[in-house]
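Colleague: Please find one structure pasted underneath; my questions will follow.
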Amino acid sequence: MQDEFAAARERLLAEIDSEVRDTARWLGTDRLDPAVRAAMASVPRHAFVPGWEQPYAYENRPLSIGRGQTISQPYIVAAMTQMLRPHPKMRVLEVGTGCGYQSAVLASVVAEVWSVERIAELADTAAERLARLGYANIHVKTADGSLGWPEHAPYDGILVTAAAAAMPQALVDQLGPGGRMAIPIGVGRFEQTLTLVEKDRQGKVSVEPGLPVAFVPLVAG
Ligand code: SAH
């Protein structure tokens, strides 16, 4: 995408590349999947943040999106997207739509995204924004995402962008065979680990804690 932010976006990608190298031992790889990198290069992050945050849209840090919520740091969005090993046929559930930025990155590399947000105002704004930007393969609803979105299960991937105190069983249940889930687990802002849940073809679940992260809490109800 060519626009006034193109240079800033290129600088951001170079920073993400460097942070991926620095955290290779957590990510299990020292470079971004080319499809994920292309998605990060194409999604206009400035279009997802409030006007006063736009000058900072391509800084590699979280920003405020209102209602006490944040848009994740771009490096984390890239890392979580990659953890799912996305492919063009994949159907993904996202919990915590927020402003819709992570949904847009995901939707650029998979077939279909179902995203659940508990704050109606954020869900409605995100859905409207995503439609306006032309992301036709993202479906947003207002609900408690810790219960998943059972109607469209099973999912090939699940991405949770708020920290759960304990593993939500409904999400594990809605993960299909061979599926992968990335979810921050932990109480308190600085005691969370980005956890990978894998379900094998026989339905056996394995859980592997990884990168230390700081997400807003997953609030039930
Ligand atoms: N992926 C988002 C990040 C948003 S921050 C983005 O790219 O902007 C996390 C979001 O999770 C917040 O919007 C918060 O309201 C939402 N959230 C918290 N608990 C939730 C729950 N139980 N169900 C659905 N959304 C939840």
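Colleague: Exactly one of these conditions fails for GLN73: (1) more than 12 Å from the ligand (Cβ to nearest atom); (2) open to solvent by 10 Å² or more (accessible area, probe 1.4 Å); (3) under 21 Å from ARG9 (Cα atoms). Give me its number.
Modeller: With (1) more than 12 Å from the ligand (Cβ to nearest atom); (2) open to solvent by 10 Å² or more (accessible area, probe 1.4 Å); (3) under 21 Å from ARG9 (Cα atoms) applied to GLN73, the lone miss is (1).
Colleague: Being more than 15 Å from the ligand (Cβ to nearest atom) and surrounded by 19 or more Cβ atoms within 10 Å (Cβ to Cβ) is the requirement here; does LEU175 meet it?
Modeller: yes
Colleague: Consider MET90 against the criteria (1) open to solvent by less than 30 Å² (accessible area, probe 1.4 Å); (2) in contact with a strand residue (DSSP E or B) (Cβ under 7 Å, 6 or more places away or on another chain); (3) more than 25 Å from ARG118 (Cβ to Cβ): it satisfies all of them except one. Which criterion is unmet?
Modeller: Condition not satisfied by MET90: (3).
Colleague: List the number of the failed condition for SER103; all other conditions in (1) of a type in the set (Gly, Ala, Ser); (2) open to solvent by less than 10 Å² (accessible area, probe 1.4 Å); (3) more than 8 Å from the ligand (Cβ to nearest atom) hold.
Modeller: Result: SER103 fails condition (3) only.
Colleague: Could you grab the pairs with beta carbons closer than 6 Å, sequence gap of 6+ or different chains, first residue in segment 105-129 and in contact (Cβ under 8 Å) with a residue 60 or more places away in the chain and closer than 21 Å to ARG91 by Cα, second one more than 13 Å from the ligand (Cβ to nearest atom) and open to solvent by 10 Å² or more (accessible area, probe 1.4 Å)?
Modeller: Between residues of segment 105-129 that are in contact (Cβ under 8 Å) with a residue 60 or more places away in the chain and closer than 21 Å to ARG91 by Cα and residues that are more than 13 Å from the ligand (Cβ to nearest atom) and open to solvent by 10 Å² or more (accessible area, probe 1.4 Å), the close pairs are VAL109/ALA35; VAL109/PRO86.
Colleague: Kindly indicate whether ILE65 is open to solvent by 10 Å² or more (accessible area, probe 1.4 Å) and within 9 Å of the ligand (Cβ to nearest atom).
Modeller: When the stated conditions are applied, ILE65 passes them.
Colleague: Among the residues of segment 183-216 satisfying the criterion of being within 16 Å of the ligand (Cβ to nearest atom) and open to solvent by 40 Å² or more (accessible area, probe 1.4 Å), which is modelled with the highest pLDDT?
Modeller: Ranking the candidates gives ALA214 first.
Colleague: Right, something else. Which strands (runs of 3 or more DSSP E) sit wholly inside segment 102-221 and have at least 1 residues that are among the polar types (S, T, N, Q) and out of contact with any Ser or Thr (no Cβ under 6 Å at 6 or more places or on another chain)? Give the steps one after another, and end with the answer.
Modeller: Numbers: elements: 112-117, 138-142, 155-160, 175-185, 192-199, 205-213.
Those strands (runs of 3 or more DSSP E) span 138-142, 192-199, 205-213.
The values are calculated or read from the model by the stated rules, or taken from the named source; none is laboratory data. Predicted, not measured: the structure shown is a model, and the values here were computed from it. Note that we place each Cβ from the backbone using ideal geometry, even for glycine, and neighbour counts take in every protein chain shown. Each accessible area value is taken on the protein alone, full model and side chains, heavy atoms only, with ligands, DNA and RNA left out. Shrake-Rupley method; radii C 1.70, N 1.55, O 1.52, S 1.80 Å.
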